Amino acid sequence: MSNSNKTMFHVNQQPVQFDGDDKTNLLSVLRDELNLSGPKFGCGQGECGACMVLVDGQPQTACNLPVWSVQGRQVTTLEGLGTPAQPHPVQAAFIEERAAQCGYCMAGIITSACALLERNPRPSRDEIVQSLEKHLCRCGAHTRMVRAIERAAATTNSNT
């Protein structure tokens, strides 16, 4: 039985009203209804991190998160972190360090890195590595990703 209700929430600080089945996963709403391409479909089971978004500032996998669970909450995708003209410090650091290869997993990794630096502005290298454990990346760019997150932390901390 389908449960069709109005689910109201915010995506990248914009109000959203979803009138479909409230059991629809958040990733489908973000990609198919809102045309956001940052979060990607990877495994469909919340294991790879390609669909990672922030829900009230906390990293969440959107592929297995029913849209009803974000009622009244703030969802942030890669598109909500910065702009091409003014990227978020983590985005800028990933560009400077050339930390992406294929880019499929990057939106989720950058989103998680932003959450890490928000809750811990000066993470250790081990804390950064641990924050990346929930992300599968086959490109072998982890060393550059860690360097980029360290750079973003240093840049952010030097501006405060």
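The table below gives the values:
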read-out	value
Condition met for ALA154 (aliphatic (A, V, I, L, M), closer than 21 Å to VAL75 by Cβ and in a helix (DSSP H, G or I))	no
Single condition SER124 does not satisfy, out of (1) assigned by TED's automatic domain parsing to the domain that holds ALA153; (2) crowded, with 22+ Cβ neighbours inside 10 Å; (3) not charged (D, E, K, R)	(2)
Residue under evaluation ILE95, criteria (1) closer than 27 Å to PRO121 by Cβ; (2) surrounded by 15 or more Cβ atoms within 10 Å (Cβ to Cβ), criterion not met	(2)
Residues (more than 25 Å from GLY42 (Cα to Cα) and of a type in the set (Ser, Thr, Tyr)) located in region 130-160	THR155, THR156, SER158, THR160
Single unsatisfied condition, CYS63 versus (1) assigned by TED's automatic domain parsing to the domain that holds CYS137; (2) crowded, with 20+ Cβ neighbours inside 10 Å	(1)
Matching helices (runs of 4 or more DSSP H) fully within region 36-144 where at least 3 residues are in contact (Cβ under 8 Å) with a residue 24 or more places away in the chain	89-96, 106-119
Residues of region 42-60 satisfying the condition of being modelled with pLDDT under 95 and surrounded by fewer than 19 Cβ atoms within 10 Å (Cβ to Cβ)	CYS43, GLY44, GLN45, GLY46, GLU47
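The values are calculated or read from the model by the stated rules, or taken from the named source; none is laboratory data. Quick caveat: nothing in here was measured; it's all calculated off a predicted structure. Note that each Cβ is placed from the backbone with ideal geometry, even for glycine, and that neighbours are counted across all protein chains shown.
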